[in-house]
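Just below is one structure, and these are the notes that go with it.
The values are calculated or read from the model by the stated rules, or taken from the named source; none is laboratory data. All values reported here derive from a predicted model rather than from experimental measurement. Glycine gets a Cβ as well: all are built from the backbone with ideal geometry, and neighbour counts include every protein chain shown. Surface accessibility is based on the protein's heavy atoms, side chains included, excluding ligands, DNA and RNA. Shrake-Rupley method; radii C 1.70, N 1.55, O 1.52, S 1.80 Å.
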Amino acid sequence: MIKSKGYAAKDQHSPLEYWEFERRELGPNDVLIDILYSGICHSDIHQVRDEWGGTQYPIVPGHEIVGRIQAVGSEVTKFKQGDLAGVGCMVASCGECDNCKSDQQQFCQQKKTVWTYNSVDVMHDHSCTYGGYSNNIVADANFVLHVPETLDITKVAPLLCAGITTYSPLKRWNVRKGHKVGVLGLGGLGHMAVKIAVAMGAEVTMISHSPRKKADAALLGAQKFLNAREASAITASASYFDFIIDTVSAPHDYNVYLSLLKTQGVYICVGIPAAPMEINGRSIMGGNKILTASSIGGVQETQDMLNFCAAHNILPETELIDIDYVNEAYQRVLDSDVKYRFVIDMASIDKQGK
């Protein structure tokens, strides 16, 4: 077994704290990665606190992982020791079903997608997976990404979740020059949606209830700003957008924003509130509008996203922290007090447990 150290929560009410544990041995198609940086995603908080149910404790969160390969299995040809690599939300799947073969491993039809943490590793030893708030990770090489060396590795990690979550639907719907894209909500997902849509050539409008975010949106590349609190501005923007990407995970009135779409416009949900969505059928029937949603992307699409970001020099806006600040960082995420993602410097784990 491979000795590891990280930060874990022992139950839903406990803070994250230093914990030593073991990972499975390196198999022939595995790689061992020394983790350098790990991003904090809001979904980490949900799972640490068992807000979605089904959390297995102790839990080591983290599915936005960047590091260097320390060792490779005997059958691995895509990577070598020293390569800069990333791991996102998945570490294995069946590889045989139609979805896995079409780069949709996140929807494995055999229900064998192995998530990076808080998941039973049904493809290997049926142990519980532990995530990136740790010094190393073992993963199937087919689920490991090449991270372009041209990118600032202190900032890359959130691309493995926030980046692919927004890139995937924008790419799928072929967003390009001439399209008008509205981005609802300026946070971890929203700020990446702005950057990526701008790089694709679209005219991008930030839609927000907070006028104070207008300047930030402009710095990110948004050409326009729509104050969602101003009824007159909403009315004036009716039937304006080809696409709206909704990153908001708090309850809100979808019907208001659907009115902003052109005929046959597309409304893409990437932030899903816990409460049921309430949609008036006329909001989509009037104008043959399309209401859809998107999760993460597959492995190849995630690699394409990293390459796209390298080509366009796209990186998240981040704040670098030591691991012993993680509990304070969680509270700041809940308070919307970060622009726009925390990244943990995992070298700081070496200061712990001594």
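The single residue among GLU25, GLU51, GLU20 that is open to solvent by 60 Å² or more (accessible area, probe 1.4 Å) and within 16 Å of MET346 (Cα to Cα) turns out to be GLU20. Of all residues in region 224-264, exactly one satisfies the criterion of being under 25 Å from the mean Cα position of the chain (by Cα), of a type in the set (D, E, K, R) and in a loop (DSSP other than H, G, I, E, B), namely ASP253. Applying the set (1) among the acidic types (Asp, Glu); (2) more than 17 Å from the chain's Cα centre (by Cα); (3) at pLDDT 95 or above to GLU319 leaves exactly one unmet item: (2). Of the residues examined, GLU203 is not one that is among the acidic types (Asp, Glu) and either touching a residue at least 40 places away in the same chain (Cβ under 8 Å) or farther than 22 Å from CYS269 by Cα (or both). Filtering VAL156, VAL181, VAL194, VAL198 for residues that are farther than 27 Å from ASP44 by Cβ, open to solvent by less than 30 Å² (accessible area, probe 1.4 Å), within 23 Å of the chain's Cα centre (by Cα) and of a type in the set (Val, Ile, Thr) leaves a single hit, VAL181. If you go through region 285-340 and keep only what is under 27 Å from ALA215 (Cβ atoms), of a type outside the set (Gly, Ala, Ser) and either touching a Cys at 6+ places or on another chain (Cβ under 8 Å) or part of a loop (DSSP other than H, G, I, E, B) (or both), you end up with ASN313, ILE314, LEU315, PRO316, GLU317, ASP335, ASP337, VAL338, LYS339, TYR340. The residue that is most open to solvent (accessible area, probe 1.4 Å), counting only those in region 303-326 that are without any contact (Cβ under 8 Å) to a residue 60 or more places away in the chain and farther than 21 Å from HIS146 by Cβ, is ASP324. The set of residues in region 113-145 being open to solvent by 70 Å² or more (accessible area, probe 1.4 Å) and modelled with pLDDT of 95 or more consists of TRP115, ASN142. Selection of region 5-38 for residues being among the small types (Gly, Ala, Ser) and either outside the structural domain of HIS63 (by the TED database) or outside any strand (DSSP E or B) (or both) yields SER14, GLY27. Checked against (1) free of Cβ contacts under 8 Å to residues at least 12 places away in the same chain; (2) surrounded by 20 or more Cβ atoms within 10 Å (Cβ to Cβ); (3) not basic (Lys, Arg), ALA329 passes all but condition (1). Look at region 2-29: where a residue is acidic (Asp, Glu) and a partner is open to solvent by 80 Å² or more (accessible area, probe 1.4 Å), sitting 6+ places away or on another chain with Cβ atoms under 9 Å, you get GLU17/LYS10; GLU20/LYS3; GLU22/MET1; GLU22/LYS3; GLU25/MET1.
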